[in-house]
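Colleague: First, the structure itself, so that you have it in front of you.
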Amino acid sequence: MDMSKYLKLFISESSEHLQKMDNLLLELERSPQERALIDNLFREAHSMKGMSASMGFAQISTVSHRLEDFLDKLRKGTLSVRKEVVDLLFEGFDLLRGSVEEVRTKGISVLDHSAFLKRLESYVQEGTDAQAVASSPVAAPPAPSPTPVPGPSTSKAPSMPAAEAAEEDDVQQAQRWAWDKGLNLFSITVKVAREAPMPSARSLVIYKRAGGLGEILHMSPSMEDLQGGNFTGSLSMLLASVKPSSEIQAAIMAQPEIESVTIKDVTEKEGADGKLEIQPVPEAGKITPSSFAVPLQMKKSTMVRVDTRLLDDLIDMVGELVTAKGSLIDDSSSLLPVQLCKDIDRVDSLVSGLYQLAIRLRMMPLDLVVERFPRAIRDLARAKGKEVQFEIVGKEVELDRAILEELPDPLLHIFRNSIDHGIESTEERADKGKPPVGRIRLEAMRERERILIKIADDGRGIDPAQIKRVALEKGIISREVYGSLSDEEALYLITAPGFSTAGVVSDVSGRGVGMDVVKSVVESLGGSLAIESQKDVGTTISLKLPLTLAIIQVLLVGAGQERYAIPLSQIYRTFEFMPSEIQNSQGQEWITGEEGLIPLFRLASLVGAPDRKEESNGPILGIFVERRGRMNGMVVDELLGYREAVVKPLKGLLRKIKGFSGATIMGDGSMTLIVDLNTL
């Protein structure tokens, strides 16, 4: 059987399991008393073993199996949670991650894990600690499992054992539940063909098919066992349905790789004496009242996996539709029949709704990116001999997938700087009266049509004087600039290419790359970067990013003879003012605004066009915009209205032109450049 069609699903689900294993182990390292964490880790390793074995990846299955055995010893208390245990588990998870990546790129896994497996076995032999059983709450042996209860008896003799009688009471409740609902109750046993290459996956397909025929009240093996690959080839279930048994049997038998389907009607029947007769339920396994209080079918996931390329194609098509809609609206400005105008308005509304839905499909939670950082920060801090507590707030905030894919590297550069340059050593923090453990906090929130991400640490902060001195020594700034830079402006020198205060090159920093990469990536995404720092208190770096890159809201403005688009997310408001309100100081125009004096720029001058308002004494049109975290005023010649713009990236030589992030096609077919305020 061709297994390649399952490969993407295996890689995707394996990556999710490994990420969960990383996060669980980080929690266990902080809270070694939490037995539930070990149980969850054991289940994740068990799932990895079952998935990889089903796909035929023997090496991945072997390592997963050995890790599962290792975790089982932690569950039973023959090993205790220690630093070397955590390190071994992390090493094993990394090996699995490397093997999955090898499968993704090559289709096979040939990495040699023998050295790790020998170390794992050696530690088990040498590190088994009987004392841990008595002293460590984590290592306490699990409570003995209850004695398995035999299946229900078909006899109703008075001498029936108590366990069987109690079980039959549960069965009776299930049957009465179905009878009260007016449904038939069927006991179904399905045997999967022995030659089926993925029996567990086939059983899940059977479950889904049966769930579409009624309500599944009970299933054996459980869903958890099936997802973990623990399936012996036979699946039993109780199904409540309005359909006849023949139709149910035919629907299940229509599935491939099925050996047999046995179905029996076990619905409650009213006897001749008016009493309810309880039909036996063969091969259904034990039921508890909670088993049928909420049918299994009601618990089905509402999520589906979709190839991201399909989403990209959908966005492209919606973008073309938005452009066509703009053309239609422009053409409708001439005299048209009333009914046609109403139809155009309705199309406008529907396209706008479709656009909003398409954008939502591209939105993904920040958690998909930040969930990998706790492990990275732990490893970086240990490499520098520091202790760091990492906190994440707002990981449920959603961004465009295209933006999320670009965020890991910039965020990792910021964390590296915080750990290497910001967070002090334990001794230095003690001398300053700080807690021994440093703190790094990532907080995400939505601000209007943008996302704000703040990364704050409680380290030593940035010394502006040192930054200016290093920049001067490296030739990044001149002597004149050195004397005129304010402390606030000096902070942004750390984003200059080649800037570094590290005296020694290390694995963490000191190569002169980092914050310049952060600045470049953020600005290429249409965002901005702001830096705040206070000596011995800490540093906060803020990233402001658009919600999406595909279709954005823009304000069309005129400058000279040209038309430009400014992203609405970067505009605070429009305003009018008189020429007499402009103040001049040191060659810079200023205007008084809500935040005091605000620098004023003329868009026409910035793009090399003549300013049509230069000689006029009438009102001047302006907009308050944000640039590098600060308010700025921008003079424009015309305000031409708002529009949804499909962003087309600039290519070839046009990519090197600063001041523009892309272009959009207007309804009349003309092209309009989208202004990038960060580089204009």
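Colleague: Beyond a 24 Å Cα-Cα separation, which of these cross-linked pairs lie in this structure: LYS8/LYS208; LYS208/LYS264; LYS106/LYS648; LYS432/LYS544?
Modeller: Working: LYS8/LYS208 21 Å; LYS208/LYS264 20 Å; LYS106/LYS648 34 Å; LYS432/LYS544 33 Å.
Going by Cα-Cα distance, LYS106/LYS648; LYS432/LYS544 fall outside the 24 Å limit.
Colleague: How large is ³J(HN,Hα), in whole Hz, for each residue of the stretch 106-119 in order, when computed from phi with the Karplus curve 6.51 cos²θ - 1.76 cosθ + 1.60 and θ = phi - 60°, using x for Gly and Pro?
Modeller: Computed from phi, the couplings for the stretch 106-119 are 10, x, 9, 10, 10, 4, 8, 9, 4, 4, 5, 5, 5, 5 Hz.
Colleague: Also, quick follow-up: Could you check the spin-label model distance between MET223 and THR62? Points 7 Å from the Cα along Cα→Cβ, value in nm.
Modeller: Taking the simple label geometry, MET223 and THR62 are separated by 3.5 nm.
Colleague: In nm, give the distance between the simple-model label positions of ILE344 and ILE11, each being 7 Å from the Cα along the Cα-to-Cβ direction.
Modeller: 4.8 nm
Colleague: Extending each Cα 7 Å along its Cβ direction at ASN584 and GLU387, get the distance between those two points in nm, one decimal.
Modeller: Calculated label separation equals 6.1 nm.
Colleague: Distance check, please: which entries in LYS118/LYS386; LYS474/LYS651; LYS384/LYS454; LYS73/LYS434 exceed 28 angstrom between their Cα atoms? Please list the in-between numbers first.
Modeller: Values: LYS118/LYS386 30 Å; LYS474/LYS651 33 Å; LYS384/LYS454 23 Å; LYS73/LYS434 39 Å.
Listed pairs above 28 Å: LYS118/LYS386; LYS474/LYS651; LYS73/LYS434.
Colleague: Once amide H atoms are built 1.01 Å from N in the peptide plane, which residues 5 or more positions from THR679, or in another chain, come under 5 Å H to H?
Modeller: Sorted by chain and number, the residues that satisfy this are GLY659.
Colleague: With a ≥ b ≥ c the root eigenvalues of the C-alpha gyration tensor of the stretch 308-364, is it rounded (a/c under 1.5), prolate (a/b larger than b/c) or oblate? Write down the numbers at each step before the final one.
Modeller: On the way: a/c = 4.25, a/b = 2.56, b/c = 1.66.
The shape class here is prolate.
Colleague: Is the C-alpha gyration tensor of the stretch 366-546 telling us rounded, prolate or oblate? Criteria: a/c under 1.5 is rounded; beyond that, a/b larger than b/c is prolate, otherwise oblate. Walk me through the intermediate numbers first.
Modeller: Working: a/c = 1.69, a/b = 1.14, b/c = 1.48.
Oblate, because a/c is 1.5 or more while a/b does not exceed b/c.
Colleague: Which whole-Hz ³J(HN,Hα) couplings does the stretch 515-528 yield from phi under the Karplus relation 6.51 cos²θ - 1.76 cosθ + 1.60, θ = phi - 60°, glycine and proline marked x?
Modeller: For the stretch 515-528, the Karplus curve yields 5, 5, 5, 4, 4, 4, 5, 4, 5, 5, 8, x, x, 9 Hz.
Laboratory data are not the source of any read-out in this text; all were calculated from the coordinates shown. From a predicted model like this one, the values you see are computed outputs, not experimental measurements. Cβ: placed from backbone, ideal geometry, glycine included. Neighbour counts: every protein chain shown.
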